[in-house]
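Student: Okay, here's the structure, questions in a sec.
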Amino acid sequence: MSQSPKNPSNFQQEGSPNEAELRELIDRLRRKEGSWVEWGDACNTLQKSGYNSQRIFEETGFEPVHQNQVIVGAAVYKSMVNAGLGETASSFFGRKGSDILYELRILTQPERVAAGDFIVESGLDADDAKEVARAVKERSRLRQAPEGFSDHPGDLVAYQCWKVARQQKDLQERSRSIAKGLRLARTQDARQQLERLLTDFTVVPKRPAPILPIYRVESQEELPRILPVVGKLPLAAADLKAVPLVE
């Protein structure tokens, strides 16, 4: 009777896999056996055992970018499950969605769970997930939620749509941003903020990023030099004259 294959994630718990076990992982990846989470675990185990991404690609057909995606996605998925991911989202991501979970890597565990549940509930794709992650991450840099918007991921994306719409002169682009925000907003207050833009056509100019000054040294006199410490303020003229000249 043949022995059932080990789950790749068990190798790290039981110690370093031997060559036969590594070949088993290669074969399973080549045949695409198991779930994508197991593929991520297998790629991770192989890389930690000395296989580089190019060698794995040549032996399994998994491109390096795909290896990275499933490795990161699997780690994100496990962290979300451990943090209380909802049953519907857990079942969904257990079957597919490594590209979506890869975008959530920049978030904390609680943020990932909230974002993951919202993404599945709203039927969003990887591009949408990137926007969700960016909106949630930006919220973490603020002391409090924007006025009229809650901390729900849907409201945070709606807030970004609200900001973009206010900066749009093109009415078609403005309407598109408002419609997207209304579709994703989860509170009545957030919807009202967006609906006000349907009658208020004031354009708020986008604040440009600050430009750092660049100084070009034109002569030797402009080069930086070390100045000796003269003493404590206030200084008298005699104190300055007593400082020896730098040769």
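Computed from the coordinates by the stated procedures, all read-outs in this text should not be read as laboratory data. Worth saying up front: this structure is predicted, and the values here are computed from it rather than measured. Glycine gets a Cβ as well: all are built from the backbone with ideal geometry, and neighbour counts include every protein chain shown.
Student: Ignoring solvent entirely, what values of log10 I(q)/I(0) come out of the Debye formula for the stretch 106-145 at 0.33, 0.34 Å⁻¹ when each Cα is a single scatterer?
Tutor: Here the Debye-derived log intensity ratios amount to -1.17, -1.19.
Student: Pairs of Cα atoms under 8 Å, at least six residues apart: use those to get the relative contact order of the chain, whole percent.
Tutor: 10
Student: Can you give the convex hull volume per residue for the Cα atoms of the stretch 95-192, as a whole number of Å³?
Tutor: 99
Student: Further, regarding this structure: If Lys and Arg each add +1 and Asp and Glu each add -1, what is the summed charge of the other residues whose beta carbon sits under 10 Å from the beta carbon of G148?
Tutor: -1
Student: In cubic angstrom, how much convex hull volume per residue do the alpha carbon atoms of the stretch 142-205 span?
Tutor: Hull volume normalised by residue count: 72 Å³.
Student: Here is a further query. At a Förster distance of 51 Å, what's the computed FRET efficiency of A236 paired with I211, Cβ-Cβ distance as r, to 0.05?
Tutor: Result of the calculation: an efficiency of 0.75.
Student: Under a crude label model (7 Å from the Cα following the beta-carbon direction), how far is L198 from N52 in nanometres?
Tutor: Computed distance between label sites L198 and N52 equals 5.8 nm.
Student: Among the lysines, select those whose C-alpha is under 30 Å from the C-alpha of K180, and discard any that sit fewer than 8 residues away in the same chain.
Tutor: Reachable lysines: K96, K130, K137, K163, K169, K206.
Student: Can you give the helix-only mean residue ellipticity at 222 nm for the chain, where every DSSP H stretch with n ≥ 4 adds -39500 (n - 2.57) and the sum goes over all residues, rounded to the nearest 500 deg cm²/dmol?
Tutor: Per the formula, -18000 deg cm²/dmol.
Student: What Kirkwood Rh does the chain have if only Cα atoms enter the pairwise 1/r average? Answer in Å.
Tutor: 22.8
Student: Could you name the lysines whose alpha carbon sits less than 18 Å from that of K48, not counting residues in the same chain fewer than 8 places away?
Tutor: Here the lysines satisfying the reach criterion relative to K48 are K6.
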